[in-house]
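Okay, structure first, notes after.
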Amino acid sequence: MAAEYLITGGQGFFGAWIARRLLEEGASFVLSDLQPDDSILRQVLDPAALGSLDLRFGDVGDGAFVRGLVEEVCPEKIIHLAGLQVPTCRDDPVLGARVNVTGTLNVFEAARRQAGEGSCVAYASSAAVAGPQEDYDGKIGDSVTHAPRTHYGVVKLCNEGNARLYWQEHGIASVGLRPLTVYGVGREVGITSGPTKAIRAAVLGEEFIVPFTGVTGFNYIQDIADDFIGVSRNHSEGALALNNPGENHDVREFLDIIEDEVPAAAGRLGCDGEPVPVAWDFREDGLERLLGEVPHTPIEEGIRATIRGFEELRERGLLGP
């Protein structure tokens with residue numbers, strides 16, 4: 001078979017929304033993941049769309065599985081999203097490296113064997129490649145040298161270096177995107193899932209404390225899905241690692257907007273703890289050059305859309321605490 005896309009980590013937050021956009025376009029794609037778990041897909045897709053998916057299961061850390069998958073699917077583009085988040089990489093750095101680094105190398109190796117004209121690997125890097133804001137003077141460009149403060153950031157920076165070498169040595173084009181705090185229906189894991197969980201708590205009438213404070217860059221998930229699809233279709237030469245900033249707000253501002261939209265949540269939402277150890281004042285000129293126009297949903301609009309999404313899930317009996 002031949003599909004336009006292969007999406008690893010396809011049952012996750014990013015994968016579910018990218019699948020939603022590709023289904024709207026009528027594009028052909030295959031999702032892969034470690035094992036069956038449609039809990040996030042069911043939040044993002046309607047039952048008919050969910051039933052139409054082509055899902056394959058296996059470990060991205062297993063090179064033979066990845067090679068066989070790419071050989072069978074013959075994708076024009078690969079969107080590589082499979083990975084473990086900050087808490088898991090901190091608690092088990094070896095496992096984090098196996099999935100995030102070895103898994104990414106397996107994807108590039110498979111792409112090298114299968115690459116055709118115009119092929120591209122778009123992969124999830126992260127703003128976590130950066131250190132905290134005080135490490136920098138002014139807005140942060142795409143090519144600034146970074147000293148990340150988490151194992152997760154270190155392995156993502158490693159992936160960017162390996163992607164560069166696959167272009168230099170094998171001609172495999174790639175784009176790594178570096179979002180920071182992405183919010184929307186389906187965000188379940190990771191430190192920066194807290195703002196999304198606050199929206200869900202507001203809809204459910206519950207209390208919630210976001211476990212960090214300070215300023216961060218907020219991206220609505222639909223924009224991130226469009227960015228991944230856009231860069232995969234617009235890039236065919238070189239290895240790029242591009243900042244993917246959203247709107248910069250203090251976490252308390254984000255919570256205030258939620259409470260404005262759901263007045264009953266007033267006084268029930270808070271934030272506590274240290275700021276995320278990742279800078280937030282990034283330049284976006286590289287992504288602008290590639291896409292022309294980078295989608296940016298205003299934060300109020302994105303929060304309202306997420307509230308509506310959670311309300312619909314509650315009505316369908318799919319919104320748990």
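The values are calculated or read from the model by the stated rules, or taken from the named source; none is laboratory data. Treat the numbers as computed from the prediction; the structure is a model and nothing was measured. Cβ sites come from the backbone with ideal geometry, for glycine too, and all protein chains shown count toward neighbours.
Of all residues in segment 86-104, those satisfying the criterion of being farther than 17 Å from I7 by Cβ and surrounded by 20 or more Cβ atoms within 10 Å (Cβ to Cβ) are V86, C89, G96. C74 satisfies every condition listed in (1) surrounded by fewer than 19 Cβ atoms within 10 Å (Cβ to Cβ); (2) over 20 Å from L22 (Cα atoms); (3) in contact (Cβ under 8 Å) with a residue 40 or more places away in the chain except (2). The residues of segment 64-90 that are part of a helix (DSSP H, G or I) and under 21 Å from the mean Cα position of the chain (by Cα), listed by number, are V66, V86, P87, T88, C89, R90.
Considering only residues in segment 10-40 that are in contact (Cβ under 8 Å) with a residue 60 or more places away in the chain and either buried (at least 23 other Cβ atoms within 10 Å of the Cβ) or touching a Pro at 6+ places or on another chain (Cβ under 7 Å) (or both), the one that is farthest from G103 (Cα to Cα) turns out to be W17. Which of the residues spanning segment 98-132 are under 18 Å from the mean Cα position of the chain (by Cα), free of Cβ contacts under 8 Å to residues at least 60 places away in the same chain and in a helix (DSSP H, G or I)? Scanning segment 98-132 gives V99, N100, T104. Kindly indicate whether any position in segment 249-265 is surrounded by fewer than 20 Cβ atoms within 10 Å (Cβ to Cβ) and among the small types (G, A, S). Yes, that holds for at least one residue. One residue stands out among those in segment 157-198 that are small (G, A, S) and more than 19 Å from G246 (Cα to Cα): the one that is surrounded by the most Cβ atoms within 10 Å (Cβ to Cβ), which is S174. Scanning segment 43-62 for residues that are in contact with a Gly (Cβ under 9 Å, 6 or more places away or on another chain) and assigned to a helix (DSSP H, G or I) yields Q43, V44. Taking every residue in segment 295-321 that is surrounded by 12 or more Cβ atoms within 10 Å (Cβ to Cβ) and among the small types (G, A, S) and pairing it with any residue that is modelled with pLDDT of 95 or more and part of a loop (DSSP other than H, G, I, E, B), at least 6 positions away or on another chain, the pairs with Cβ-Cβ distances below 9 Å are G302/G184; A305/G184; A305/V185; A305/T297; G309/G184; G309/V185; G309/G186.
When you scan segment 258-274, do you find a residue that is in contact with a Lys or Arg (Cβ under 8 Å, 6 or more places away or on another chain) and of a type in the set (A, V, I, L, M), even just one? No - not one qualifying residue is present in segment 258-274. Here is a check on your reading of the model: is V101 among the β-branched types (V, I, T), out of contact with any strand residue (DSSP E or B) (no Cβ under 9 Å at 6 or more places or on another chain) and over 27 Å from E274 (Cα atoms)? Yes.
Looking only at residues of segment 267-284 that are within 16 Å of G217 (Cα to Cα) and of a type outside the set (A, V, I, L, M, F, W, C), we find that the one that is surrounded by the fewest Cβ atoms within 10 Å (Cβ to Cβ) is E274.
Residues checked against (1) charged (D, E, K, R); (2) within 27 Å of R20 (Cα to Cα):
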{"site": "G131", "(1), (2)": "no, no"}
{"site": "G138", "(1), (2)": "no, no"}
{"site": "V155", "(1), (2)": "no, no"}
{"site": "H170", "(1), (2)": "no, no"}
{"site": "G186", "(1), (2)": "no, yes"}
{"site": "P195", "(1), (2)": "no, yes"}
{"site": "G205", "(1), (2)": "no, no"}
{"site": "N219", "(1), (2)": "no, yes"}
{"site": "R233", "(1), (2)": "yes, yes"}
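Scanning segment 291-300 for residues that are in a loop (DSSP other than H, G, I, E, B) and not acidic (D, E) returns G292, V294, P295, H296, T297, P298.
If you go through segment 259-290 one residue at a time, how many are of a type outside the set (F, W, Y), within 30 Å of R149 (Cα to Cα) and not in a loop (DSSP other than H, G, I, E, B)?
Here is the first cut: in segment 259-290, the residues of a type outside the set (F, W, Y) are 259-279, 281, 283-290.
If we keep only those that are within 30 Å of R149 (Cα to Cα) too, we end up with 269-279, 281, 283-290.
Filter once more, keeping what is not in a loop (DSSP other than H, G, I, E, B): 269-271, 285-290.
Matching residues across segment 259-290 total 9.
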